[in-house]
Every structure is written in structure tokens, then in C-alpha cells.
Amino acid sequence: MMTRRDYHAFSDITAEGSITTGAAVAAVLLVHHWPPLAAMAAAMLAGALAGVVTGMLAMTFQINRLLSGILTMTALYSINLRVMGKPNIALIDEPTVFSLLEFDGLPDYVLKPLVLLAIVVAAKVLIDLFFASEVGLAMDAARALAAEGVRARVVSLPCTNVFDKQDAAYREQVLPSAVRRRVAVEAGVTDYWRKYVGLDGAVIGIDSFGASAPAEALYKHFGITVEAVVAAVKATNA
């Protein structure tokens with residue numbers, strides 16, 4: 001489990017296969033005359049799905065993280081060949097994303113690195129924002145608990161109204177009734193989550209109004225921290 005401070009601690013080599021998977025998907029779509037931006041989006045989705053597979057192997061099936069990445073990477077080698085249908089596809093005469101970004105007086109050797117740098121910076125900012133959220137904090141707490149031998153499952157409920165409208169079987173799958181030791185994390189009023197954690201659970205949140213400061217300072221002031229979540233989980237296990 002990870003946060004913006006240590007998500008790099010996840011020993012993962014999925015990218016060894018997922019990058020080529022994205023490239024294979026993009027290449028096939030480009031030679032079939034897909035718009036470059038659409039092909040790039042499909043490539044990113046394919047790579048993201050590979051990451052999801054690794055995450056499920058590691059977190060749902062509790063397979064060693066490094067081994068999870070190796071399994072996914074190895075499987076992707078065969079999938080990539082299947083997607084392309086042959087070892088390589090020539091794209092010399094095909095339009096790409098860079099074809100849409102041609103500027104007079106700006107050579108390719110300057111333009112392409114700038115575009116790639118912008119993409120990397122945007123991805124880094126988005127990752128930091130995610131792991132600074134309640135979900136990221138819960139994931140980091142789960143990681144800390146796992147290091148102590150305590151298994152914890154992180155569930156994200158971005159829209160409880162939609163969740164409540166699902167059938168009973170689905171709700172039971174997400175929040176099993178047999179699991180009564182639950183901790184919710186909310187940078188807001190805690191009462192709303194009581195029905196989800198139950199009498200044996202706990203909620204980390206803010207039950208006051210009017211404080212103003214940077215998010216990191218407020219989280220620390222109100223106890224919305226990894227340490228607080230870990231302590232709450234241990235208290236429910238007592």
C-alpha cells in the first residue's frame with residue numbers, strides 16, 4: 001500500500017510488459033487508421049489494465065508484489081504478440097500524436113522531449129493527488145498493517161448513493177457482513193459512515209467546522225493520519 005511519499009516502494013516490474021502492451025495496441029490501431037489521440041488513449045487504458053491485474057494479484061490474492069509483477073509481465077509477452085499478430089509493425093508512414101503537434105521553427109528533437117516531459121509531470125501530479133486523498137491514506141495504512149502481519153482490505157465508496165442502490169449480493173461482496181471490524185476515513189463529518197462501519201467499527205474524520213489551513217496541516221491537526229488509521233484498526237481488533 002502506498003502514498004505520495006512512498007508509492008515507489010512497491011517493487012513492480014509490470015511496466016516491462018505493460019509499456020510494450022500499450023505500444024502494441026497503439027501500433028495496431030494506427031495502422032487501422034485510428035486517430036492518434038484515440039490510439040494513445042487505448043494504449044494507456046491497456047497499460048493501466050495490466051497494472052490493475054498486478055494490483056489484484058498482490059492485494060486480493062496476497063501474492064508477493066514482485067512476483068505479481070513478474071507474472072503479469074510474463075503473460076503480457078504472449079498477449080503483445082497476439083495483439084500485433086507479428087513481431088513488429090512499421091509506423092514510419094503512419095500519423096502519430098507528434099504529427100498533431102508540429103510547429104514552424106520548432107524542430108522535432110526539441111518538441112518531442114517537451115511533450116514527453118509534460119506528460120510525465122502531469123502523471124506525477126495526478127498520482128500525488130490520488131495518494132494524498134482518503135483512499136491513498138487508507139492504502140498506506142493497509143501497507144503499514146501488512147508489515148505487522150495484519151491483513152486489511154481497502155474499499156473505496158466514491159458514491160454511496162450508487163452503492164446503496166446495488167443488489168444485496170453485490171453489497172455483500174464489497175462489504176461482507178461477516179467482517180465487522182471496519183474503519184472509515186473521511187475528511188469531513190463522521191456520522192455519515194456509521195451505517196457502513198457498524199457498532200464494532202470506527203470512523204476517522206472531522207466533526208467540527210471553520211478550520212482553514214493547508215490540507216496536510218489539517219489532516220495532522222484532526223488526526224487524519226496513517227498512524228491514526230492503524231491505531232483505529234488495532235483498536236477494533238482488541
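Solvent exposure of the chain, expressed per residue, is 64 Å² of accessible area, with all protein chains present and a 1.4 angstrom probe.
For the stretch 1-133, the Cα gyration tensor yields ellipsoid semi-axes of 29, 21, 11 Å (square root of five times each eigenvalue, largest first, whole Å). Placing a pseudo-label 7 Å from each Cα along the Cα-to-Cβ vector at residue 189 and residue 151 gives an inter-label distance of 3.6 nm. When only Cα pairs below 8 angstrom with a gap of at least 6 residues are kept, the chain shows a relative contact order of 18 percent.
Only the Cβ atoms of Lys and Arg (+1) and of Asp and Glu (-1) were treated as charged; on that basis the dipole of the chain about its Cα centre amounts to roughly 800 debye. Lysines within cross-link reach of residue 220: Cα-Cα under 29 Å, excluding same-chain residues under 8 positions apart? Within the straight-line cut-off, residue 220 pairs with 124, 195, 234. Each residue of the stretch 58-67 is assigned a 3J(HN,Hα), and the resulting list reads 6, 8, 7, 9, 6, 7, 3, 4, 5, 5 Hz, derived from the Karplus form 6.51 cos²θ - 1.76 cosθ + 1.60 (θ = phi - 60°), x at Gly and Pro.
For the chain, what does the helix formula give at 222 nm: sum of -39500 (n - 2.57) over DSSP H segments with n ≥ 4, over the residue count, nearest 500 deg cm²/dmol? It would help to have the intermediate numbers written out before the result.
Details: 10 runs with 134 residues, N = 238.
Computed mean residue ellipticity for the chain: -18000 deg cm²/dmol.
Summarising the amide proton neighbourhood of residue 203: residues at separation of 5 or more, or on other chains, whose placed amide H is nearer than 5 Å comprise 184. Measure off, as a whole percent, the carbon and sulfur share of the 1.4 Å-probe accessible area of the chain, all protein chains present. So the carbon and sulfur contribution to the accessible surface is 64 percent. Remark: relative contact order (the stretch 79-204) = 13 percent; criterion is Cα-Cα distance under 8 angstrom and separation of 6 or more residues.
The protection proxy used here, the mean number of other Cβ atoms lying within 10 Å of each residue, ranks peptides 58-66, 178-186, 92-100, 105-113 as follows, highest first: 178-186, 58-66, 92-100, 105-113. In a fully extended conformation the segment linking residue 42 and residue 130 would gain 29.5 nm over its present Cα-Cα distance, using 0.36 nm per residue.
The values are calculated or read from the model by the stated rules, or taken from the named source; none is laboratory data. Source: prediction; values computed, not measured. For neighbour counting, all protein chains shown are included, and Cβ atoms are generated from backbone atoms with ideal geometry for every residue, glycine included. The accessibility values were calculated without ligands, DNA or RNA, using every heavy atom of the protein model including side chains. Shrake-Rupley method; radii C 1.70, N 1.55, O 1.52, S 1.80 Å.
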